[in-house]
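The values are calculated or read from the model by the stated rules, or taken from the named source; none is laboratory data. Keep in mind the model is a prediction, meaning the values are calculated, not measured. Heads up, the Cβs are rebuilt from the backbone with ideal geometry, glycines too, and the neighbour counts pull from every protein chain shown. For accessibility, only protein heavy atoms count, side chains too; no ligands or nucleic acids. Shrake-Rupley method; radii C 1.70, N 1.55, O 1.52, S 1.80 Å.
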Amino acid sequence: MRVVVVTGCSSGIGLETALAFAAAGDTVVATVRDPQRAATLRAEAEARSLDILIEPLDVTRSATFAGFVDDMVARHGRIDVLVNNAGMLPAGAFEDIDEAGLRLVMETNFFGAALLMKAVLPVMRRQRSGTIVNISSLSGLAARAGDAAYSASKFALEGLTEAVSQEVARWNVRVALVEPGSYATNMLAGLAAQPAAGDSPYRPLIDAQREAALSGADRQDSPRTVADLIVRIAASRTDQLRWPADPLASGVLATLWRGGDGDRLRFLREAADVDWWIAGEEHPPGTSDEPDAEERR
């Protein structure tokens, strides 16, 4: 029976991952920033007769990490798996995000995962075993317009994880990255609900991306798919670093690393649907707000 710590478990991938590990018979410590937001997890665990320990942990408060890890080891004897899932998805072009917002994204998505990993690694080295799974994103491999702050945080997480995986392998500690495509989570719903600044020169771009997120919500995969993958990673014996979570992620990874940088940039522009923006148009082609041919003349 493994001792598994999962962050960001109030909803989405974190919630499903906690349930999946518990269903596999593991001792699961599911952390949430606000315990009052854990009602859904508690209800799901009770409905499935699963024993999950819910603990408060704010990933932006790194000063609490050492005490949290010490408490987990004192209570459970070890930590076998850490899943760094907690994160936030800000909306807006880079120029529209203030310094405080940019720092919050990095504190949550990068420093939270990095410093909790740093706190857990001594335990895993002493055990000479352990698995750390960092939840990244396709935005950590391929940045697109309107995604600058989020991509910066995930690019940083990708680089850190790649380096650390090589540093700790000698102690039988594995570090992996999960690359999800698009999943129906509360984080994505929050993105869709954030309005663009009324006077922003980037408003048409951000509005178009928000509309795309809303219109595609019914086609997104369940977070359970990612959760099942994470459980498989923890049980595997491979040293694979990046794990695409779906066909979309697999296709993007294959395309990005197949050609040169020119091919990569052309692919990214097409996949992100920003050629209309770069060309100076006011709306994406085919939208209801696009002027017809008569109006353009």
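Near ASP199: Cβ cut-off under 15 Å, other residues only, Lys/Arg at +1 and Asp/Glu at -1. The net charge is -3.
Rounded to the nearest 0.05, the FRET efficiency derived from the C-beta distance between THR40 and ARG232 at R0 = 25 Å is 0.55.
Roughly speaking, what is the stretch gain from ALA74 to GLU55, that is 0.36 nm per residue apart minus the C-alpha to C-alpha distance, in nm to one decimal?
Working: separation 19, 0.36 × 19 = 6.84 nm, distance 1.47 nm.
Difference between extended and current length: 5.4 nm.
Report the charge-dipole magnitude of region 1-137 in Debye, nearest 20, computed about the Cα centre from +1 at each Lys and Arg Cβ and -1 at each Asp and Glu Cβ.
Details: 13 positive and 16 negative charges, 139 e Å.
That gives region 1-137 a dipole magnitude of about 660 debye.
Can you say what percent of the DSSP beta bridges in the chain, counting only those with both residues inside, are antiparallel? Round to 5. Walk me through the numbers before you get to the answer.
Numbers: 0 of 26 bridges.
The antiparallel fraction comes to roughly 0 percent.
Computed from Cα positions, the angle between helix 261-272 and the longest principal axis of the chain comes to roughly 80 degrees. For the chain, set up a Gaussian network in which alpha carbons nearer than 10 Å are linked by springs, and say which option among PHE94, PHE21, PHE111 fluctuates the most. Top of the fluctuation ranking is PHE94. Here is the tail figure for region 43-92: Cα pairs spaced more than 15 Å apart come to 64 percent of all pairs.
Of the whole protein surface, LEU248 contributes about 100 Å² of accessible area at a 1.4 Å probe radius. For ALA279 and ARG103, the FRET efficiency from 1/(1 + (r/R0)^6), where r spans their Cβ atoms and R0 equals 25 Å, is about 0.15. Here region 1-71 and region 88-112 have alpha carbon centers that stand 24 Å from each other. Which residue, ALA143, VAL120, VAL105, has the largest displacement toward the positive end of the dipole of region 11-158 when charges sit on each Cβ (Lys, Arg +1; Asp, Glu -1)? In region 11-158, that residue is VAL120.
Taking a spot 7 Å from the Cα of SER62 along the direction of its beta carbon, which residues of region 132-168 have an amide N less than 17 Å from it? Counting backbone N atoms under 17 Å from the label point, the list is 153-164. Round to the nearest 10 and give me the degree value, 0 to 90, for the angle of helix 148-168's Cα axis relative to the longest principal axis of the chain. Tilt of helix 148-168: around 30 degrees.
Using C-alpha pairs below 8 Å separated by at least 6 residues, the relative contact order for the chain is 17 percent.
Can you give me the convex hull volume of the Cα atoms of region 1-128, divided per residue and expressed in Å³? Don't skip to the answer; put the middle values down first.
Values: hull volume 14.1 nm³, N = 128.
Each residue corresponds to 110 Å³ of Cα convex hull volume.
Helical content alone sets the calculated 222 nm signal of the chain at -14500 deg cm²/dmol, taking -39,500 (n - 2.57) per DSSP H segment of four or more residues and averaging over every residue. With the cut-off at under 19 Å, measuring from each backbone N in region 124-153 to a point 7 Å along the Cα-to-Cβ line of ASN172 picks out 124-133. Here Kirkwood radius over Cα pairs in Å was computed from the coordinates, and among [x] 20.3; [y] 21.9; [z] 20.8 the match is [x].
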